[in-house]
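Read through the structure below, which is laid out as C-alpha cells, and then see the notes.
Values in this text are rule-based calculations from the coordinates and carry no lab data. On a predicted model such as this, the values are computed, not experimentally measured, just so you know. Positions of Cβ are backbone-derived with ideal geometry, glycine not excepted, and every protein chain shown enters the neighbour counts.
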Amino acid sequence: MSNAETIRLKYFGELAIQVQSGNKDEAIEYFLHPKRSIKAWFESEVDGHTSEKPRKKYEETFNAEIKRVFWDIRNCQNFEEIKNFINDYMIEVDYINYKLDLDENKITESDLKILRENIENELTTKGSPRNEPFQNPSNNKSVMERIGCMESCFWCGALCWGNRDHHIDSNSTKVHHTSHQPEGLLLVHVRNSRELSAKSCHKTGDNWDVWYKGKGPIKWGVAKINDFSDWKFEVHCNHHFDRLMCWFFEKLHVDLAKHKENTKPASYRQLSEYECVGLDYYSIMNTLHVYI
C-alpha cells in the first residue's frame with residue numbers, strides 16, 4: 001500500500017465485501033467516525049505485515065552472526081588470517097580500519113592458540129543481544145504519512161485526498177479536496193422531511209439554502225466562500241469513488257437512520273435522483289481492483 005488512494009481503496013473494498021455479505025457494523029462505524037476507523041485499520045494492517053516479532057527476529061539474526069564469526073575465527077590457520085579477518089570485519093560493520101599492533105614473526109603456535117581462545121571467550125561471555133527498543137511500523141511517521149490527510153468534509157464526512165499536512169502549504173495545494181459522497185453517510189438530513197440526504201456536496205446548487213452551526217438559511221455559494229473556503233466542492237477526478245459511495249449509501253441508509261433521533265431513511269425518489277439505486281456490486285468491485 002504505497003499511497004493514500006490505494007490504501008483507501010483497499011479499505012473500502014474490504015468494507016464493501018463485508019456489507020455485501022450482510023455484515024454492516026464496521027462500515028457504519030467508519031462513516032460515523034471516518035478518521036478514527038481508517039487510522040485503526042491502517043495501523044493494524046501495517047503492524048500485521050511484520051512477519052515476526054521484531055525482537056525475536058533481531059535475536060535470531062544476532063545469534064546467527066555471532067556463530068558465524070565464532071567459526072570463522074576458529075577456522076583461521078595462522079595469525080595473518082586472524083588479523084585479516086578482524087580487520088575486514090571491523091571495516092564491514094563499523095567502518096574502522098582496525099590494526100593489531102603485534103609482530104607476527106614473534107607469534108608462536110602457543111600464542112596463536114591463546115589469541116584464538118581469548119577471542120572465542122569474549123564472543124561467548126559478551127556475545128548477547130543488546131536491549132534494543134523496537135517499535136511497530138505504525139509508530140513510524142513516514143509509514144503513517146502514506147494514509148494521507150485525515151481531515152473530513154463537514155458536510156459529507158469524506159476524507160481529504162491530499163498528502164499529510166498539505167494544509168500548511170503556502171499555495172493552492174493547501175486546500176482540502178476529496179470525492180464527496182452522499183451526505184446522509186454522515187447523518188446529514190433534508191431539513192423539512194428529515195430524510196437522510198442522498199446528495200453529494202458537488203451536486204448542491206449555489207442558490208440552495210443551507211443551515212449549519214446555528215446559522216441559516218445561507219446560500220450555499222456564500223457559505224462555501226465564508227466558512228468553507230479551505231475545501232473544494234467540485235467533482236473530483238477520482239470519479240470511480242462516486243459509484244462506490246452511492247452503493248454504500250443505498251445499502252446502509254436504513255441502518256444509518258437509526259443512529260440519529262427523528263431521522264428517516266432516504267426516499268426512493270432521492271435515491272433515484274442522485275443515482276444511488278441499481279448499482280452493480282460486481283462492476284464496482286472490478287473497477288476497484290484495477291486501482292488497488
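Neighbouring Cβ atoms within 10 Å as the yardstick, rank S44, S170 fewest first. Kindly include the intermediate steps, with their values, before the conclusion.
Details: S44 12, S170 6.
Final ranking by Cβ density, sparse to dense: S170, S44.
So between C237 and K35, what do we pick up on full extension, going 0.36 nm a residue minus the alpha carbon distance? Can you show the working numbers first?
Values: separation 202, 0.36 × 202 = 72.72 nm, distance 2.19 nm.
Extending this stretch completely gives an extra 70.5 nm.
Let me test this: with uniform point scatterers at the alpha carbons of segment 201-268, what is the Debye-based log₁₀ I(q)/I(0) at q = 0.27 1/Å?
Ignoring solvent entirely, the Cα scatterers give -1.06.
What is the diffusion coefficient of segment 146-291 in µm²/s, taking the Kirkwood radius over Cα pairs and the Stokes-Einstein relation at 20 °C with a viscosity of 1.002 mPa s?
133
Taking K and R as +1 and D and E as -1, what net charge do the other residues with C-beta under 9 Å from the C-beta of L159 add up to?
On the way: positive: R8, K35; negative: E151.
In short, +1.
Taking 25 Å as R0, compute the FRET efficiency from the Cβ-Cβ separation of F70 and E109 and round it to 0.05.
Numbers: r = 21 Å, r/R0 = 0.83.
Plugging the Cβ-Cβ distance into 1/(1 + (r/R0)^6) gives 0.75.
How much of the calculated P(r) for the chain lies past 34 Å, in percent of all Cα pairs?
Working: 19157 of 42486 pairs.
In whole percent, the share of Cα-Cα pairs in the chain beyond 34 Å is 45.
Once fully extended, how much extra length lies between S21 and N286, figured as 0.36 nm per residue of separation less the alpha-carbon to alpha-carbon distance? Don't jump to the answer; show the numbers that get you there.
Working: separation 265, 0.36 × 265 = 95.40 nm, distance 1.68 nm.
Here the segment from S21 to N286 would lengthen by 93.7 nm.
Nearest 0.05, what FRET efficiency do S170 and N139 give at R0 = 30 Å with Cβ-Cβ as r? Walk me through the numbers on the way to the answer.
Numbers: r = 30 Å, r/R0 = 0.99.
E(calc), rounded to 0.05, equals 0.50.
Can you tell me the length gained on complete extension of the stretch N163 to W208, counting 0.36 nm per residue apart and subtracting the Cα distance? Show your work: numbers first, answer last.
Numbers: separation 45, 0.36 × 45 = 16.20 nm, distance 3.13 nm.
Full-extension gain reported as 13.1 nm.
Let me have the relative contact order for the chain, percent, based on Cα pairs under 8 Å that are six or more residues apart.
Details: 336 pairs, mean separation 51.3, N = 292.
Computed value for the chain: 18 percent relative contact order.
Based on the Cβ-Cβ distance of D47 and E5, what FRET efficiency does E = 1/(1 + (r/R0)^6) give at R0 = 30 Å, to the nearest 0.05?
Details: r = 21 Å, r/R0 = 0.71.
Once rounded, the FRET efficiency stands at 0.90.
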